[in-house]
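Notes to accompany the following structure.
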Amino acid sequence: MGGELIVALNTNKIGEALEWVDQLRGVVNFYKVGLPLYLKYGKKIIEELRSRNLRVFLDLKLHDIPSVVKQSLEVFQRGEVEMVTCHISGGSEMLKEAKQAASQSGIRIAGVTILTSIDRYMMQRFIGHYLTLEEVVNNLLKVAMEVSLDLAVVSGKELKSIPEEVKTKMDFIVPGVRLEGAESLDQKRVITPQEAVALGAKYIVVGRPITHSSNPLASAEAYLEALKV
């Protein structure tokens, strides 16, 4: 079974990011680039990773009118980026435009459901009534399925409530993953690697517990070992 590890480069300093990458050389081959790095360095960080033959998950969380999202994705060439995130809440038309533009470069769109930093009470403030996080996530996944997205980003806690027929139609990326007993930091809804894989996660995303540990290589290896269930 098993899942794949994506290490998040949570910094706005390219030197720091590449130092982490070089420390993990030969053990980790898939990295998440978020807004801090991308806004400061643009494609330079992608080029640095690709020059090392590494895979890139570009976490932009695009959320705008359909034409703007489409134009944003048209700037990538084939082979630069493997996956890019868009908020499912941007709507089906936005997602259709995103998928069409991304497909020209071989990019897969990952639909973001609810950020793992948001809890049930904050969500209820947004939507104005007492839907659970699981209900909101499943409603968003219905939209993702309507436009045939390949991937969705979900908390492991909500992954438990996703119907099996949905799990057979798309892959899931799970952030907020921590080893048993580790600090959750600013993540509100965390899950262990073993639980994530058992629930059907294809990818897990881990940042600071690896990159900010006293021994990043050993920490990465611990997560990889935990994925072998």
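Largest GNM mean-square fluctuation across Thr168, Thr192, Thr85, computed for the chain with C-alpha springs under 10 Å, falls on Thr168. Here the scattering of region 102-198 is modelled by Debye summation over its C-alpha atoms, one equal scatterer each and no solvent; at q = 0.14, 0.20 Å⁻¹ the log10 of I(q)/I(0) is -0.55, -1.03. Of the residues His212, His129, His63, the one with the fewest other Cβ atoms within 10 Å heads the list, and the complete ranking is His129, His212, His63. If you take every DSSP beta bridge fully contained in region 4-226, what fraction is antiparallel? Give it as a percent rounded to 5. Given both bridge residues lie in region 4-226, the antiparallel proportion sits at roughly 0 percent.
Each of Phe30, Phe126 has some number of other Cβ atoms within 10 Å of its Cβ, and from fewest to most they run Phe126, Phe30. What is the list of residues in region 53-82 whose amide nitrogen lies under 18 Å from a point 7 angstrom out from the Cα of Ile118, following Cα to Cβ? Of the residues in region 53-82, 59-65 have backbone N under 18 Å from the label point off Ile118. Given their separation in residues at 0.36 nm each and the Cα-Cα distance between them, Ser105 and Gln71 gain 11.0 nm when the chain is fully extended. In this structure, the amide hydrogen of Ala8, modeled 1.01 Å from its nitrogen in the peptide plane, lies closer than 5 angstrom to those of Lys32, Val206, Gly207, counting only residues at least 5 positions away or on a different chain. Annotation: amide H-H contacts under 5 Å for Thr192 (H modelled 1.01 Å from N, sequence separation of 5 or more, or interchain): Arg178. Name the residue, out of Gly207, Gly15, Gly111, whose mean-square fluctuation peaks in a Gaussian network model built on the chain with Cα pairs under 10 Å. Evaluated over the chain, the most mobile residue of the options is Gly15.
The smallest convex shape that holds all Cα atoms of the chain, its convex hull, gives 122 Å³ per residue. Size estimate for region 24-120 follows the Kirkwood approach: the inverse of mean 1/r over distinct Cα pairs works out to 13.9 Å.
The fewest-to-most ranking of Lys169, Lys202, Lys99 by surrounding Cβ atoms within 10 Å reads Lys169, Lys202, Lys99. Taking Ala17, Ala144, Ala196 in turn, the Gaussian network model of the chain (Cα-Cα springs below 10 Å) assigns the largest fluctuation to Ala17.
Only the coordinates and a few stated rules stand behind these numbers; no lab work does. Since this is a predicted model, take the numbers as computed values, not measurements. Backbone-built Cβ (ideal geometry, glycine too); neighbour counts: all protein chains shown.
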